[in-house]
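These notes concern the structure reproduced below.
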Amino acid sequence: MSSAVIDHFVEQARHCESYGSPFMARLLEELARDLAAGGPTADLVASWPRSPRADAVAVRLASALHAAVLSGRDPALAAEYPAARPAWDIARVWPLARAFLARDRAWVAEFLRSAPQTNETRRTIALLAGFLFLAAHHDRELELLEIGASAGMNLYWDRFAYHTDSWRWGDGDVQISTRWTGPPPPLGAVPRIRSRAACDLNPIDIRDPAERLRLRAYIWADQTERLARFDAAAAVAVAHGVRVERADAAEWLEARLPRRSPDALTVVYHSVFYQYPRTETRQRIARAIERAGEGAAPLAWLRLEPEAVLGGPRDSLRFLVDVVTWPGGARRTLAATDGHGNFVEALV
C-alpha cells in the first residue's frame, strides 16, 4: 500500500478540524487507521490508481458513509450520526461505519467513482464583492456565464440574503453570513441581470431527489448550518428552473462568447473550479475569454480560486477573488478568502 493514501486521509482530517468539523476529523482518523491495518477501508482505496489528494479520495469515502445515512441505507449508523445524536461519540460511530464498508463494499465502490461536488453556496458572499463592483462600474445589464457550475445553485446569488457584523445586502430564504474585514462592497449598486447560463462536465440535476441527496452527502455531517443553507439554496434553484448544460468549459465558452450581446456586460465566473481542469483546458478557457475581450462588447472574468492557480506562490493557501475586465484586460484583486467562505478580507 502506498503511504500517500494514508497520508492523504491524515492530512484531510487536519483540514476538516481546521474548518470546524471535528466529526469528519475523527472519522477520517479512524479510516486512516483502518487503512494502515488492512481493513475494509484498505480493500476500497489502498490501491487507488491516481493521486488520492487530487481525487479527494478521503472526502469521497466519508461522503459515501454520509449518503448511506441520508438515504436510510444503514439505519443503525444513521442513529449515531450528528443529525440524530448531536453529542455523537466516534467510539459508537466507527464500528458501525466499518461494518457498513465491509458489508456494502460494491455500493461504496460505485459511489467512489464520482468526484465530489460541493457547490458551496457560502462562497457567493465573496463573489458578491465582484458582482457589486461590476454593477457599480458598468451601467449595463449583466449576462452571467458560470463554468464548473455543478448543480447551478450559485446561479441565483442575487436572490440570497447576505449579512456580516458591519453590513447587509439582499433578501431571501438563503442566509449567507461570514466574518468580513475591510471595507464593504458597493452596497448601493443594483445588479440588473438579463440572463443566466451555466455548464459543467458532470452536472447534477438538483431537481432529481437521488442526485440532490448525493450532493448533500458531500457536505460534512456535523456542519448543520451548511446543510440548512444547502437545502434553502436547492429550493431556490428548483423554484427558478435551474439548468446546467453538460459541456466542457473551454468548448462552451468558445461557442458562446462570440455570440454575446453587445449591449450587455457578459460576466464569466467560477469558484473553486479552476484547479481541477487540465492545464491545456485552463489555457483554452483563458484564450477564449481573452480573445472575446478583444471585441467591442464589454466582458468581465470573475474568479474565486486558490491564489496558486491564479499565478501566485505555489505554496499559498489563500483563495483570492479577482476580476479582469475588458476593454483593456485590467485585473483587480478584490478580496482574500478560503475555500468555504468562512471569512472574507476585502482588499479594496
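Some values worked out for this structure:
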item	result
Which listed residue is surrounded by fewer than 18 Cβ atoms within 10 Å (Cβ to Cβ) and in contact with a helix residue (DSSP H, G or I) (Cβ under 6 Å, 6 or more places away or on another chain), from Glu11, Glu17, Glu80, Glu29	Glu17
Flag if Pro116 is in a loop (DSSP other than H, G, I, E, B) and under 24 Å from the mean Cα position of the chain (by Cα)	yes
Matching residues in the stretch 316-335 - criterion: being surrounded by 19 or more Cβ atoms within 10 Å (Cβ to Cβ), free of Cβ contacts under 8 Å to residues at least 40 places away in the same chain and over 16 Å from Val267 (Cβ atoms)	Leu320
Residue within the stretch 83-97 that is in the same structural domain as Arg14 (by TED's automatic domain parsing) and either touching a His at 6+ places or on another chain (Cβ under 9 Å) or among the hydroxyl-bearing types (Ser, Thr, Tyr) (or both) present	no
Matching residues in the stretch 22-53 - criterion: being over 21 Å from the mean Cα position of the chain (by Cα) and assigned to a loop (DSSP other than H, G, I, E, B)	Gly38, Gly39, Ala46, Ser47, Trp48, Pro49, Arg50
Count - residues of the stretch 232-283 that are acidic (Asp, Glu) and more than 26 Å from Gly339 (Cβ to Cβ)	3
Candidates Ser150, Ser114 - the one that is buried (at least 17 other Cβ atoms within 10 Å of the Cβ), at pLDDT below 95 and of a type in the set (Gly, Ala, Ser)	Ser150
Odd one out for Ala286 among (1) touching a residue at least 24 places away in the same chain (Cβ under 8 Å); (2) part of a helix (DSSP H, G or I)	(1)
Failed item, numbered, when Gly341 is tested on (1) on the phi > 0 side of the Ramachandran plot; (2) not in a loop (DSSP other than H, G, I, E, B)	(2)
Matching residues in the stretch 54-69 - criterion: being in a loop (DSSP other than H, G, I, E, B) and crowded, with 16+ Cβ neighbours inside 10 Å	Asp55, Ala56
Residue match in the stretch 237-245 (condition: at pLDDT 95 or above and in contact with a helix residue (DSSP H, G or I) (Cβ under 6 Å, 6 or more places away or on another chain))	no
Any hit, the stretch 206-220, residues being under 16 Å from Ser150 (Cβ atoms) and of a type in the set (Gly, Ala, Ser)	yes
Answer from Val244, Val272, Val236 - the residue that is more than 13 Å from Ile147 (Cα to Cα), buried (at least 19 other Cβ atoms within 10 Å of the Cβ), in the same structural domain as Val324 (by TED's automatic domain parsing) and not small (Gly, Ala, Ser)	Val236
Options Pro209, Pro185, Pro203; residue that is touching a residue at least 40 places away in the same chain (Cβ under 8 Å) and more than 17 Å from the chain's Cα centre (by Cα)	Pro185
Any hit, the stretch 292-301, residues being touching a helix residue (DSSP H, G or I) at 6+ places or on another chain (Cβ under 6 Å) and in a helix (DSSP H, G or I)	yes
The listed residue being under 30 Å from Leu334 (Cβ atoms) and either part of a helix (DSSP H, G or I) or at pLDDT 95 or above (or both), out of Leu96, Leu101, Leu127	Leu127
Any hit, the stretch 149-164, residues being in the same structural domain as Leu334 (by TED's automatic domain parsing) and over 22 Å from the mean Cα position of the chain (by Cα)	no
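So that you can scan it fast, the table gives a plain yes or no per residue for (1) outside any loop (DSSP other than H, G, I, E, B); (2) in contact with a Leu (Cβ under 6 Å, 6 or more places away or on another chain); (3) touching a residue at least 12 places away in the same chain (Cβ under 8 Å); (4) hydroxyl-bearing (Ser, Thr, Tyr):
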site	(1), (2), (3), (4)
Ala136	yes, no, yes, no
Asp139	no, no, no, no
Met153	no, no, yes, no
Ser166	no, no, yes, yes
Asp173	no, no, yes, no
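The values are calculated or read from the model by the stated rules, or taken from the named source; none is laboratory data. Since this is a predicted model, take the numbers as computed values, not measurements. Don't worry about glycine lacking a Cβ; one is built from the backbone with ideal geometry, like all the others, and counts go over all protein chains shown.
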